[in-house]
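Worksheet: one structure, shown below.
The values are calculated or read from the model by the stated rules, or taken from the named source; none is laboratory data. Quick caveat, the model's predicted, so the values are computed rather than measured. With ideal geometry, Cβ positions are generated from the backbone for all residues, glycine too; neighbour counts draw on all protein chains shown. Only protein heavy atoms, including side chains, enter the accessible area calculation; ligands, DNA and RNA are left aside. Shrake-Rupley method; radii C 1.70, N 1.55, O 1.52, S 1.80 Å.
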Amino acid sequence: MTLNGKRAIVTGSNSGIGLGVAVELAKAGADVVLNSFTNDDSDHALAATLSAEYGVDVTYVQADMSKGRECRALIETAGGCDILVNNAGIQFVSPVEDFPEDRWDAIIAINLSSAFHTTAAALPAMREKGWGRIVNIASAHGLTASPYKSAYVAAKHGVIGLTKTIGLETAGQGVTCNAICPGYVLTPIVEKQIPDQMAVHNMSREDVIAKVMLQRQPSGEFATVEQMGGTAVFLCSDAAAQITGTSISVDGGWTAL
Ligand code: NAD
């Protein structure tokens with residue numbers, strides 16, 4: 001499929017799933033705007049590498065997705081977009097009574113409110129063109145819960161609610177809004193959880209992966225960033241033009257349990 005001439009903005013895309021989605025969109029021919037809150041030489045070098053590799057325009061725009069004004073400025077600085085992928089996200093694990101307020105606020109801001117701000121800023125131009133794709137990276141935790149992840153689960157359920165609402169507000173206008181719900185994907189956000197889980201459960205790395213993380217994932221395998229990217233490309237295709245306001249699970253069967 002070709003996304004030639006389309007501009008995609010992927011929030012939180014200097015690593016993990018965001019980067020995987022950016023790569024698949026670039027392979028499909030889209031120009032891509034990468035983003036994170038950092039402004040390192042390596043961020044701009046990454047954009048240059050992808051541009052050279054896939055023959056599309058790739059730039060990097062710094063913006064902190066915890067701040068509404070910066071979310072909106074990202075869309076403006078990029079010159080608008082045809083494809084918006086709301087992917088930036090963080091995690092924190094704690095019983096609710098000890099959950100630090102600042103971690104709750106940061107998770108709600110980055111994982112949920114940023115998608116509200118970017119969508120509000122990007123939508124008018126999509127409507128005007130009569131074509132647009134909004135893809136929200138939610139989670140299996142947008143559909144089910146786990147203990148000690150109150151903020152994350154609340155934010156991801158919120159993303160699913162936002163997705164349904166935007167799907168309705170854009171129906172019949174050439175714009176779709178959908179969520180992808182990954183199960184466990186071995187990215188830095190997951191890597192960071194492994195030492196904590198090893199300590200909590202007094203288990204080896206291998207046992208934490210097999211018996212704690214992938215225990216919820218019937219396939220027994222991590223999903224991959226390439227699979228998330230491929231699903232996003234599909235949602236941008238003509239075949240998906242009537243898919244809107246819904247979510248696609250890429251979770252090895254987790255939410256079928
Ligand atoms: P990751 O830590 O590799 O990537 C997160 C990205 O968000 C990074 O690029 C980071 O720089 C960026 N980011 C963090 N705070 C930001 C901020 N304030 N402003 C801008 N960018 C910011 O993690 P990942 O696994 O690739 O996660 C990507 C998304 O996928 C998240 O929304 C996460 O909740 C979701 N997800 C991940 C998994 C998984 O198993 N890895 C499962 C389900 C959902």
>> Among (1) crowded, with 22+ Cβ neighbours inside 10 Å; (2) farther than 25 Å from Ala199 by Cα, there is one condition Gly80 misses while meeting the rest; what is its number?
In response: (1)
> Filter segment 125-138 for residues that are open to solvent by 10 Å² or more (accessible area, probe 1.4 Å) and not hydrophobic (A, V, I, L, M, F, W, C); which is nearest to Leu162 (Cα to Cα)?
Replying inline: Arg127
> Quick check: is even one residue across segment 42-55 in contact with an Asp or Glu (Cβ under 8 Å, 6 or more places away or on another chain), assigned by TED's automatic domain parsing to the domain that holds Ile83 and open to solvent by less than 40 Å² (accessible area, probe 1.4 Å)?
Replying inline: yes
> Counting just the residues of segment 187-201 that are within 10 Å of the ligand (Cβ to nearest atom) and open to solvent by less than 80 Å² (accessible area, probe 1.4 Å), which one comes out nearest to Val225 (Cα to Cα)?
Replying inline: Thr187
>> Considering only segment 193-204, I want to know if a residue exists there that is in contact (Cβ under 8 Å) with a residue 60 or more places away in the chain and under 20 Å from Ala115 (Cβ atoms).
In response: no
> Hey, among the residues in segment 139-161 that are among the aliphatic types (A, V, I, L, M) and assigned to a helix (DSSP H, G or I), which one's surrounded by the fewest Cβ atoms within 10 Å (Cβ to Cβ)?
Replying inline: Ala154
> Are any residues in segment 202-254 open to solvent by 50 Å² or more (accessible area, probe 1.4 Å), assigned to a helix (DSSP H, G or I) and not aliphatic (A, V, I, L, M), and if so, which ones?
Replying inline: Arg205, Glu206, Asp207, Lys211, Gln215, Arg216, Glu226, Gln227, Phe234, Asp238
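Yes/no per residue for (1) touching a residue at least 40 places away in the same chain (Cβ under 8 Å); (2) more than 16 Å from the ligand (Cβ to nearest atom); (3) within 25 Å of Ser139 (Cα to Cα); (4) of a type in the set (Asp, Glu):
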site	(1), (2), (3), (4)
Ser13	yes, no, yes, no
Gly16	yes, no, yes, no
Leu19	yes, no, yes, no
Ser42	no, no, no, no
Asp64	no, no, yes, yes
Arg72	yes, no, yes, no
> If we only count helices (runs of 4 or more DSSP H) wholly inside segment 1-91, which ones have 2 or more residues that are within 13 Å of Gly229 (Cα to Cα)?
Replying inline: 16-27
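Residues are listed down the side, and each one gets a yes or a no for (1) within 15 Å of the ligand (Cβ to nearest atom); (2) without any contact (Cβ under 8 Å) to a residue 40 or more places away in the chain:
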{"site": "Lys156", "(1), (2)": "yes, no"}
{"site": "Ile160", "(1), (2)": "yes, no"}
{"site": "Gly172", "(1), (2)": "no, yes"}
{"site": "Val185", "(1), (2)": "yes, no"}
{"site": "Lys211", "(1), (2)": "no, yes"}
{"site": "Phe222", "(1), (2)": "yes, yes"}
{"site": "Cys236", "(1), (2)": "no, no"}
{"site": "Ala241", "(1), (2)": "no, no"}
{"site": "Gly245", "(1), (2)": "no, no"}
